[in-house]
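Please read the structure below before turning to the comments.
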Amino acid sequence: MSGNVAKLTDDLAGADLSRRLAAAETLCRLGAEGREAAVALVRAASDPDESVREFAAGALEELGAPPAADCAALAKLLNDNHADVVYWAATLLGRLGPAAGAAVPALIEVLESNVPSNGRQRAAWALGEIGPAARAALGPLRQTVSSDDKRLARLAAAAAEKISG
């Protein structure tokens, strides 16, 4: 991790609001250059301060795929109690594509859970992006196709198709 991004990551996780806010704003401006801060940015999606959360979301939108080494940490964040953390962890795992194959069981748990709809939708999308490496998700995805949540059902169907080839 570059020195600047490492410092920003530390500041983002710190107790000082002004430093968290400055770090989130700087990472937002860095775009893909801040990808090494991906896990910290996902955690910041649950920051108590709305401005920090907004800058973190802005940074995550522009980040692209995180480092593949972040897969396990992102999979753990799928168990977070904050809906935005789950959403962003699933999003970044999906951006990793087949490299996130180890996260398939955790994504299936989200898909089958009672988390808010946007988290379940993102998990279905991520499984599709992982592709054939997510073959274990075919059964749960096919069950989800009958969901009352039409967007979730559509994403589950598309993911099952991508996985099946």
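No value in this document is a laboratory result; all are computed from the given coordinates. Computed from a predicted structure; not experimentally measured. Quick reminder, even Gly has a Cβ in these numbers, built from the backbone with ideal geometry, and neighbours come from all protein chains shown.
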So, over other residues within a Cβ distance under 15 Å of residue 135, counting Lys, Arg +1 and Asp, Glu -1, the net charge is 0
Choice from 132, 48, 66 showing the highest fluctuation, given a GNM over the chain with Cα pairs closer than 10 Å: 48
Say we join alpha carbon atoms closer than 10 Å with springs in a Gaussian network model of the chain; which of 73, 59, 134 then has the biggest fluctuation? 73
Enumerate the lysines that residue 150 could reach by cross-link, defined here as Cα to Cα under 17 Å, with residues fewer than 8 away along the same chain left out. none
Divide by every residue of the chain the summed helix terms, -39500 (n - 2.57) for each DSSP H run of at least 4, and state the resulting mean residue ellipticity at 222 nm, rounded to the nearest 500 deg cm²/dmol. -20000 deg cm²/dmol
Computed over all unlike Cα pairs, the Kirkwood hydrodynamic radius of region 1-81 in Å stands at 12.2
Stretchable slack from residue 76 to residue 7, in nm (0.36 nm times residue separation minus alpha-carbon distance): 22.5 nm
Taking the Cα-to-Cβ direction at residue 32 and at residue 68 and moving 7 Å from each Cα, how far apart do the two end points lie in nm? 1.7
Taking the chain and dividing mean pair separation by its residue count, relative contact order in percent (alpha carbons under 8 Å, at least six apart): 15
Given a Förster distance of 35 Å, report the FRET efficiency between residue 112 and residue 51 from their Cβ-Cβ distance, rounded to the nearest 0.05. 0.55
From a point 7 Å beyond the Cα of residue 135 in the direction of its Cβ, which residues of region 80-118 have a backbone N at a distance under 12 Å? none
Here, residue 164 and residue 151, labelled 7 Å along Cα→Cβ, have an inter-label distance in nm of 2.5
Would you mind counting up the charge near residue 88? Only other residues with Cβ under 11 Å from its Cβ, with Lys and Arg at +1 and Asp and Glu at -1. +1
Checking a compactness column here: for region 69-165, what do you get for Rg(Cα) / (2.2 N^0.38 Å), N being the number of residues? 0.92
